[in-house]
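Below: one structure, written as structure tokens.
The values are calculated or read from the model by the stated rules, or taken from the named source; none is laboratory data. Everything numeric here is computed off the predicted structure, so don't read it as measured data. We place every Cβ from the backbone using ideal geometry, glycine too, and count neighbours over all the protein chains shown.
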């Protein structure tokens, strides 16, 4: 997954295509597990734009989307955020969540 800036995220959202933005902090153990899940998802869904960012450097994103904790996955579709996921339950859960409306 490529590290995205705030501008890259906004461009991806404005594209109108389904996009995922994974937000984490480096010292978070749960984020480390979620990162591995997202690496698998990236390989399973190569057509999906997926970016990641350390939330510590994106204060405005945290404020704009009212991020309550990390890990957090913002999913945009049709030019707006359609999902905000905090519980990365499993790879199959994330796969199904992100696969719908891609095909």
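Report whether or not residue 47 is part of a loop (DSSP other than H, G, I, E, B) and either modelled with pLDDT of 95 or more or out of contact with any strand residue (DSSP E or B) (no Cβ under 8 Å at 6 or more places or on another chain) (or both). When the stated conditions are applied, residue 47 passes them. Mind counting the residues in segment 5-33 that are under 19 Å from residue 86 (Cα atoms), touching a helix residue (DSSP H, G or I) at 6+ places or on another chain (Cβ under 9 Å) and in a helix (DSSP H, G or I)? Within segment 5-33, residues that are under 19 Å from residue 86 (Cα atoms), touching a helix residue (DSSP H, G or I) at 6+ places or on another chain (Cβ under 9 Å) and in a helix (DSSP H, G or I) number 1. For segment 70-80, filtering for residues that are surrounded by fewer than 15 Cβ atoms within 10 Å (Cβ to Cβ) and in contact with a helix residue (DSSP H, G or I) (Cβ under 9 Å, 6 or more places away or on another chain) leaves 2. For residue 1, are the conditions met, namely being touching a helix residue (DSSP H, G or I) at 6+ places or on another chain (Cβ under 6 Å), at pLDDT 95 or above and under 19 Å from residue 98 (Cα atoms)? The answer is no for residue 1. Each residue in segment 55-78 was checked for being in contact (Cβ under 8 Å) with a residue 40 or more places away in the chain and either in contact with a strand residue (DSSP E or B) (Cβ under 9 Å, 6 or more places away or on another chain) or in a loop (DSSP other than H, G, I, E, B) (or both), and 12 pass. Only one of the numbered conditions (1) exposed (fewer than 14 other Cβ atoms within 10 Å of the Cβ); (2) out of contact with any strand residue (DSSP E or B) (no Cβ under 6 Å at 6 or more places or on another chain) is not met by residue 2, and that is (2).
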